[in-house]
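What follows is a short report on a single structure.
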Amino acid sequence: MMILKNPQLADLLKKAYSAEKAASLAYQGHASSVKDKAEKAAIRQIELDEWNHRKEVLTIMTRYNIPVSKWYEFRFYVIGKIISISCHMIGWFMPFYFAGKLESGNVCEYFRMMQLFYELGITEHNTILYEMGIKEKEHEIYFLSKIKNKKLLPVFEKMFFWGSKNSFNDVDLNKKYPIEESRLYCKK
């Protein structure tokens, strides 16, 4: 078993592992709060994607003997449950908006991990990290597609700096870098 000599990367992996749980729990509430069957199914699939990301991150953590953080697990569990419950109280628009905003930020999390591994000379996780980063971008695009024509979007975009004109990442699904060049993403 190899020891990872990068505390920043180890912490990023721990946070990602626990944050994927929060996202999954939040999407359970989000899916149950919508009435449209297609939306419900899409959100449920996104929840399953997040559980899978959690499993993949744990595999990487195990490879480097990185323990799960009890603090992050508790913190993100509470956050996920609060968001899950709130989806039933805050209307239709806000869960879609904030899910898209969250996913937008998560994209760079995986590309940043790839960059940090690359600095250590480790490339064996590139494919899975790339796939997870791209999947998070797909999630962002899905949520944005549901709200792009809503009257509230320009207001929320000004307040929270995410929407049709702003993203927290520079990934373009129509012009994706190949895996070998994808460490160029999320440099800013």
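The values are calculated or read from the model by the stated rules, or taken from the named source; none is laboratory data. These numbers come from a predicted model, not from an experiment. No Cβ is skipped: glycine too gets one built from the backbone with ideal geometry, and neighbour counts run over all protein chains shown. Keep in mind that these areas ignore ligands, DNA and RNA; they rest on the heavy atoms of the full protein, side chains included. Shrake-Rupley method; radii C 1.70, N 1.55, O 1.52, S 1.80 Å.
In table form, for the structure just shown:
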read-out: Shape of the range 67-188, Cα gyration tensor, a/c cut at 1.5; value: oblate
read-out: Distance in nm between pseudo-label sites at LEU120 and THR62 (7 Å out along the Cβ direction from Cα); value: 1.7
read-out: Candidates ALA19, ALA38, ALA99: whichever shows maximal mean-square fluctuation once the chain is modelled as a Gaussian network with Cα springs under 10 Å; value: ALA38
read-out: Total charge dipole magnitude, the range 88-188, about the Cα centre, Cβ charges on Lys, Arg, Asp, Glu only, Debye to nearest 20; value: 640
read-out: Surface accessible to a 1.4 Å probe, per residue, for the residues of the chain, Å²; value: 54
read-out: For the chain: relative contact order, % (alpha-carbon pairs under 8 angstrom, 6 or more apart); value: 23
read-out: Contour minus Cα-Cα distance for LYS188 and ILE90 (0.36 nm per residue); value: 32.0 nm
read-out: Listed residue (TYR110, GLY80, VAL68) projecting farthest to the positive dipole end of the range 1-153, Cβ model; value: GLY80
read-out: Count, lysine Cα pairs under 26 Å in the range 12-91, 8 or more residues apart or across chains; value: 19
read-out: Computed magnitude of the charge dipole of the range 1-52 (debye, nearest 20; Cβ of K, R +1, Cβ of D, E -1); value: 100
read-out: Low-density loop positions, GluC sites (Glu not before Pro), the range 110-163 - DSSP coil, at most 15 other Cβ in 10 Å; value: GLU124
read-out: Accessible surface of the chain [probe 1.4 Å, protein heavy atoms]: carbon and sulfur percent; value: 58
read-out: Cα centroid of the range 1-49 to Cα centroid of the range 110-188, whole Å; value: 15
read-out: Net charge dipole size for the chain [Lys, Arg +1 and Asp, Glu -1 on Cβ; Debye, nearest 20]; value: 560
